[in-house]
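Here is the structure we will look at, set down as structure tokens.
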Amino acid sequence: MRNFFRSLYEDAQNICDKDPACRNILEAILLYPGFHAIVFHRIAHFFYKRNLFFIARLISQIARHITGIEIHPGAKIGKRLFIDHGMGIVIGETATIGNDCTMYHNSTLGGTGKDKNKRHPDLGNNVMVGAGSKILGPIKIGNNVKIGANSVVLKDVPENSTIVGIPRTFNIDLKISIYIEIFFIPKGQLCAFLFKNMI
């Protein structure tokens, strides 16, 4: 029990250290939904580890409605996680988060729907997950990684890296796709199509 409260105190102190808008530790404890979500999660995770899954999920759902942050009770979260703003954050059941990480609103540690058992990512220590980022699948994010806002991460990321953007894949060769588009256009509209696509 003493370790539980010591861990929560560290979480609150971490908010004060990382957020210049936080004026004191009491403000962090009473007014920060990210802190409230972590408190609920630590209680839910306690029941989850003892196979009391219904109670664990009930607590996590109550927390979701109060804070707007959804953390599955099975997720393993290290010390001093800072959830800034928090609204819309989702952390999946098999996700793990190291120490001293930061997550911003609307970010997701989710699955792709293709995997069973281990479905969610593992974050190392001191990882920053930008607003709107989606980290999907059973991948590993190394220590000291920064993930830019609205990035989509589908593969392992080495330590001390910065990741930005959304990966794109092209299934059809460009020439083939242009040919298919031209082939199916009525003859009378072909000139207009070519003119429009050359501008």
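The values are calculated or read from the model by the stated rules, or taken from the named source; none is laboratory data. A quick note: this is a predicted structure, and the numbers were derived from the prediction, not measured. Glycine gets a Cβ as well: all are built from the backbone with ideal geometry, and neighbour counts include every protein chain shown. Protein only, heavy atoms only, side chains kept; ligands, DNA and RNA dropped before computing areas. Shrake-Rupley method; radii C 1.70, N 1.55, O 1.52, S 1.80 Å.
Consider segment 89-120 and keep the residues that are in contact with a Pro (Cβ under 7 Å, 6 or more places away or on another chain) and in a loop (DSSP other than H, G, I, E, B). The one that is least open to solvent (accessible area, probe 1.4 Å) is ALA95. Please tell me if GLY86 is modelled with pLDDT under 95, within 17 Å of the chain's Cα centre (by Cα) and buried (at least 17 other Cβ atoms within 10 Å of the Cβ). Here the answer is yes, as GLY86 does meet what is asked. Given the condition surrounded by fewer than 22 Cβ atoms within 10 Å (Cβ to Cβ), closer than 24 Å to ALA12 by Cα and touching an Asp or Glu at 6+ places or on another chain (Cβ under 7 Å), answer yes or no: does some residue in segment 146-169 qualify? No: zero hits. Scanning segment 106-122 for residues that are out of contact with any Leu (no Cβ under 6 Å at 6 or more places or on another chain) and under 19 Å from GLY86 (Cβ atoms) returns ASN106, SER107, THR108, LEU109. Out of everything in segment 55-90 that is free of Cβ contacts under 8 Å to residues at least 12 places away in the same chain and not hydrophobic (A, V, I, L, M, F, W, C), what residue ends up being farthest from LEU31 (Cα to Cα)? Within segment 55-90, the match that is farthest from LEU31 (Cα to Cα) is GLN61. Quick one: is GLY92 on the phi > 0 side of the Ramachandran plot and in contact with a strand residue (DSSP E or B) (Cβ under 9 Å, 6 or more places away or on another chain)? No. Within segment 14-24, if we keep just the residues that are in contact (Cβ under 8 Å) with a residue 40 or more places away in the chain and out of contact with any helix residue (DSSP H, G or I) (no Cβ under 6 Å at 6 or more places or on another chain), the residue that is surrounded by the fewest Cβ atoms within 10 Å (Cβ to Cβ) turns out to be LYS18.
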